Amino acid sequence: MKFLANLFLLLVLLAAGAAAWIWYCVENPYRGFSSEGVFVEIPHGASLRTAARELEKNGVVRSARVFEIYARRHPRRSLQAGEYFFDQAVNTRDVFYKLANGDVYSQPFVVREGETIFDIGRDLQAGKFMNADEFVQAASNPELIHDLAPRAKTLEGFLFPSTYRLSRHPVAIELTAEMVKKFKEEWARISAEAVTGEQAPARPAESVESVVTLASLVERETPRPEERPLVAGVFENRLRHGIPLQCDPTVIYALERIAQYKGVLTGRDLHFDSPYNTYENRGLPPGPIGNPGEASLRAALQPARTDYLYFVANTQGGHFFSATLAEHNKNVTRYRHLLAGEQAEPPAAVAPAVVTPAPGRAPKHKKTHNTPRKGAAR
């Protein structure tokens, strides 16, 4: 009898000790990894036991067994696959909820308005996410956008500028899919608002490709959201009159496509043989020359209705607009005086009737490409 009593007491003590150990592991922070932190990858389809052992092996939890016991007490919550980062001591409970909530490691990556697929690729490589060529190759396959833009040759123009959360080693085709998905969401909203706005769209019959192509030109020509409907209107007027658009960024893009752009556009470059060169070819280029943001897409859908056919830089980030070549030449002279730091005559008083587009939200402008021959329709 005494033996049984002692055995029972021993079992009680062992159970209490085990419970105390489990409580200690669950509640008390632990760090068995270096001060730099540790990444732990939980593969898709991994069992709870496999995940627990991986956490113990990397010094994130004291005991894989305790982690497994705690997880099994929460059968409605399952661990999410992905890469997790730990840089400080943390208890077993918090580790479990981090994995159950799918709080995977990610870093912000910004796609700026007007960036090309080549710019995005270079940014990804600079951030050590992936090789630039890997991204460009994925973005060169237009299948993801063919439901909206069946004639698109690449995903250029359809990778919506935004901030994306990336893992340490994102997959290029998954990233382009996320960017195209964002474009489709934003396009649905913007185009719907244009149709229901106070002013009907100026180009309702145009294809998505042509609207996005025009928007990409507008994006690259002016950094000011309030100017974009005017720039779009100039291009629309020139298209209607059969006048070449003479848009410098299209030439730059043509050169970038073959890695020949040196950072400065020369007079000789304006004669470069490419379907994207809007000095040598009338009409829109065969596709977008960058990825436009919301303000430029709105401008392309609803260009301002004016008589303007020309614009030239005003040295303050904006432009002087004019309806005749004589007025434009005066504005060019004014621009050159301002560039030289000289006093300049005010621009010619031109007041064509302007019908502004329907109001809509415009994103905060981020840096776009500026060309040395800023302005179009010289």
Let me test this: with uniform point scatterers at the alpha carbons of segment 25-100, what is the Debye-based log₁₀ I(q)/I(0) at q = 0.21, 0.23, 0.27 1/Å?
-0.85, -1.04, -1.46
So what are the ³J(HN,Hα) numbers for segment 243-249, from phi and the Karplus equation (6.51, -1.76, 1.60; θ = phi - 60°), rounded to whole Hz, Gly and Pro as x?
8, x, 5, 6, 9, 3, x
Rg ratio (alpha-carbon, reference 2.2 N^0.38 Å) - segment 231-272:
1.33
Using a Förster distance of 25 Å, how high is the FRET efficiency between Leu338 and Glu226, based on the Cβ-Cβ distance and rounded to 0.05?
0.80
Sites Arg165 and Asp133 - FRET efficiency at Förster radius 25 Å, r taken between beta-carbons, to 0.05
0.60
Checking the a/c ratio against 1.5 first, then a/b against b/c, what shape does the Cα gyration tensor give for segment 117-306?
oblate
Debye, to nearest 20: dipole size of segment 117-306, +1 on Lys, Arg Cβ, -1 on Asp, Glu Cβ
120 debye
Between Tyr97 and Arg77, what is 0.36 nm times their sequence separation minus the Cα-Cα distance? Round to one decimal in nm.
6.3 nm
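No lab work stands behind these numbers, since they all come straight from the coordinates. These numbers were taken from a predicted model, which means no experiment stands behind them. Backbone-built Cβ (ideal geometry, glycine too); neighbour counts: all protein chains shown.
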